[in-house]
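The values are calculated or read from the model by the stated rules, or taken from the named source; none is laboratory data. On a predicted model such as this, the values are computed, not experimentally measured, just so you know. In this analysis, Cβ positions are derived from the backbone assuming ideal geometry, glycine residues included, and neighbour counts consider all displayed protein chains. The accessibility values were calculated without ligands, DNA or RNA, using every heavy atom of the protein model including side chains. Shrake-Rupley method; radii C 1.70, N 1.55, O 1.52, S 1.80 Å.
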Amino acid sequence: MRKVKLNDIRLDGGTQFRVAMAQDRIYHYRDRMKEGDIFPPIQATFDGKDYWLFDGFHRYQAMKLLGIKEVEIVYKPGDRLDAIRYALEANAEHGLPLTNEDKKNKVLAALELPEYKDASNLKIAKKCKVSDSFVAAVRDPEKAEKQQKNRNRS
């Protein structure tokens, strides 16, 4: 854990896969924080210069609304790409559930990383915490559409 200035944490690294932030969730978190509820710390990588947020975007925004200047974070050594790798696993088991578009963004981001470019659907699915059939559908939307039509006929 490390105390850092909230403004020193970067949000512009492509580590947020949500299509849109849920404003109602941000305000809910803000209100709960005002009441004294304890939230898990936000998480970032640190490359010696920049902190790259990879988990806790809604909590971050709630803290900004409260005017919090410094915050305790969990950080891991790493650069922006490492933050993307960690973000691929975020929000699968906590926080606001991801939409299918959010999950699709995760899969597409994974496919941009060298280690996942030619990886199996199963390997990508495990990293992104989605099903391998979901990955297959993202990789080949036409095939997925044909399969859905065949299912609807049965």
Quiz item: Taking the Cα centre of the chain as the origin, how large is its charge dipole in debye, to the nearest 20, when only Lys and Arg (+1) and Asp and Glu (-1) carry charge on their Cβ atoms?
Solution: 320
Quiz item: Under a GNM of the chain (C-alpha, springs under 10 Å), which listed residue has the highest mean-square fluctuation: Ile68, Ile38, Ile84?
Solution: Ile38
Practice problem: Could you work out how far the C-alpha centroid of region 17-75 sits from that of region 82-138, in angstrom? | Solution: 22
Practice problem: Can you list which of the GluC sites (Glu not before Pro) found in region 1-108 are DSSP loop residues with at most 10 other C-beta atoms within 10 Å? | Solution: Glu35, Glu93
Quiz item: Can you give the % of DSSP beta bridges in the chain that are antiparallel, to the nearest 5?
Solution: 55
Self-check item: Nitroxide proxy distance, nm - points 7 Å out along Cα→Cβ at Glu145 and Glu115
Solution: 3.4
Quiz prompt | the chain, accessible area per residue, ligands and nucleic acids excluded (1.4 Å, Å²) | solution = 60
Quiz item: Short version: ³J(HN,Hα) in whole Hz for each residue of region 23-28, in order, from phi by Karplus 6.51 cos²θ - 1.76 cosθ + 1.60 (θ = phi - 60°), x for Gly and Pro, what are they?
Solution: 4, 4, 5, 4, 5, 4
Practice problem: Let me know the shape class of region 1-75, please: from the alpha-carbon gyration tensor, a ≥ b ≥ c as square roots of the eigenvalues, rounded when a/c is under 1.5, otherwise prolate if a/b is greater than b/c, or oblate. | Solution: oblate
Exercise. Determine the relative contact order of the chain: mean sequence separation of Cα pairs under 8 Å and six or more apart, normalised by residue count, in whole percent.
Key: 24
Quiz item: In nm, what is the difference between 0.36 nm times the number of residues separating Asp132 and Asp37 and their Cα-Cα distance?
Solution: 30.5 nm
Exercise. Report in % the part of the accessible area of the chain that belongs to carbon and sulfur, leaving out ligands and nucleic acids; probe 1.4 Å.
Key: 47
Practice problem: Give the longest segment of the chain that steers clear of trypsin sites (Lys or Arg not before Pro) in DSSP loops with at most 12 neighbouring Cβ atoms within 10 Å, not counting the sites themselves. | Solution: 1-48
Quiz item: What is the sum of charges around Gly13, taking Lys and Arg as +1, Asp and Glu as -1, for the other residues whose C-beta is under 12 Å from the C-beta of Gly13?
Solution: -2
